[in-house]
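Working notes for the structure below.
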Amino acid sequence: MTGSFDGNDGNDGNAANSGGGGNATSTSSGWYFADRVNLPFVTTPDTGPNATPGETVGDLKIIADIARFPSRNWSAEWYSWLALIEFAASNWQTIDPTTVVQWWPNWVGALPVDWPSKAANVQVELGDLVTAAANERADALDEILSQADEFISYFLNLLTANPGAYPQTTKVLTIASQIGTFVAMYFKGQYKRPRPSQLCPALLPPIQVPGHASFPSGHSTQTHLMALCMGDVLQVLPVDQIDNVTDDLWTLADRIARNREIAGLHYPSDTAAGKAIATATLPQVHASVPLFLANTPSAGISLYQLAVNSAQQEWQPGAGP
């Protein structure tokens, strides 16, 4: 991963660049404690103020009454997998991005099942990408590289937040990233659109071309869904702030998606499709089926909604020290 993001190491799981999937695995690159044969907390004499003569520090005793794995102990990446399972239990395959027309190029009309027959339009898009590579790639290269595998940090940084201080907000962003990857891959598998550089090798992307189809842009789908989900969280802000912040988040999503075009990895219509799919996906995120909170005070609430409710507490006016 280019540029380590402490607190979101799960984004390393996107080494193959499956659309910035992020949080796909939990290959820990954090703390490491060397193993010792003589386990110190079992065999070392207890020297504390409440020590009993002859007692060792740990004595292999159960020291806490924990009936279940605490909710707060779920890392954002693994919590997002549970939320994805609840989303998958919804009627998500009814998502129809063609109902969202405001970002769709006029010449497309519908998802490009027959895109090869639109050769003239493809040629126009490729021409735009060649121009972008020549005029914009040098300036955008640092962002292209750092956003290849991870961009949750960009959203948190824009919000002047970090995973330690805003763990629930990080969960919401991670859920959106995970669900965005899932839905984007579904459509990629349906339409199997070749990458721009497969048609025009001279684009020569500066990073490895992802090993999956081009349409829609996974980065566009994920980042725009992240912006929309943060809109759920930020409803607790004063009214005069909500639009400003959500507009900034949407602009950041646009920028990240545009960088993928400048890199020669996506057509502009891939980006537009990602926006439409993200917008059409949000209602199904809200309709995620609660599966994991039975017999708890939060029974009947999806993990996504629980994360949103908790994240809102982090953004309440006056929250914090």
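Worth pointing out:
- Taken along its principal axes, the alpha carbon cloud of segment 169-274 reaches lengths of 49, 24, 20 Å, longest axis first.
- Distance cut-off 13 Å, percentage of C-alpha pairs in segment 168-207 lying past it: 66
- Computed log₁₀ I(q)/I(0) - Debye formula, equal Cα scatterers, no solvent, segment 73-315, q 0.17, 0.18 Å⁻¹: -1.25, -1.36
- When +1 charges are put on Lys and Arg Cβ atoms and -1 charges on Asp and Glu Cβ atoms, the dipole computed for segment 73-315 relative to its Cα centre reaches about 680 debye.
- Between Gln313 and Ile66, the modelled label-to-label distance comes to 1.9 nm, taking each label 7 Å out from Cα in the direction of the beta carbon.
- Put simply, the amide H of Asp149, placed in the peptide plane, has neighbours under 5 Å in Thr2, leaving out anything fewer than 5 places away on its chain.
- Distant alpha-carbon pairs in segment 213-270 (separation over 17 angstrom), percent: 41
- Segments 87-96, 253-262, 284-293 sorted - mean Cβ within 10 Å per residue, highest first: 253-262, 284-293, 87-96
- Residues Val245, Val130, sorted so that the one with the fewest Cβ neighbours within 10 Å comes first: Val130, Val245
- Put in order of Cβ neighbour count within 10 Å, fewest first, the listed residues Ile144, Ile85 become Ile85, Ile144.
- Gained length - Ser298 relative to Asp247, 0.36 nm times residue gap less alpha-carbon distance: 15.2 nm
- By the count of neighbouring beta-carbon atoms within 10 Å, fewest first, Lys192, Lys275 end up ordered Lys192, Lys275.
Laboratory data are not the source of any read-out in this text; all were calculated from the coordinates shown. Predicted model, so just to flag it, every value in this text is computed and none were measured. Counting neighbours? That spans all protein chains shown, and the Cβs are built from the backbone with ideal geometry, glycine included.
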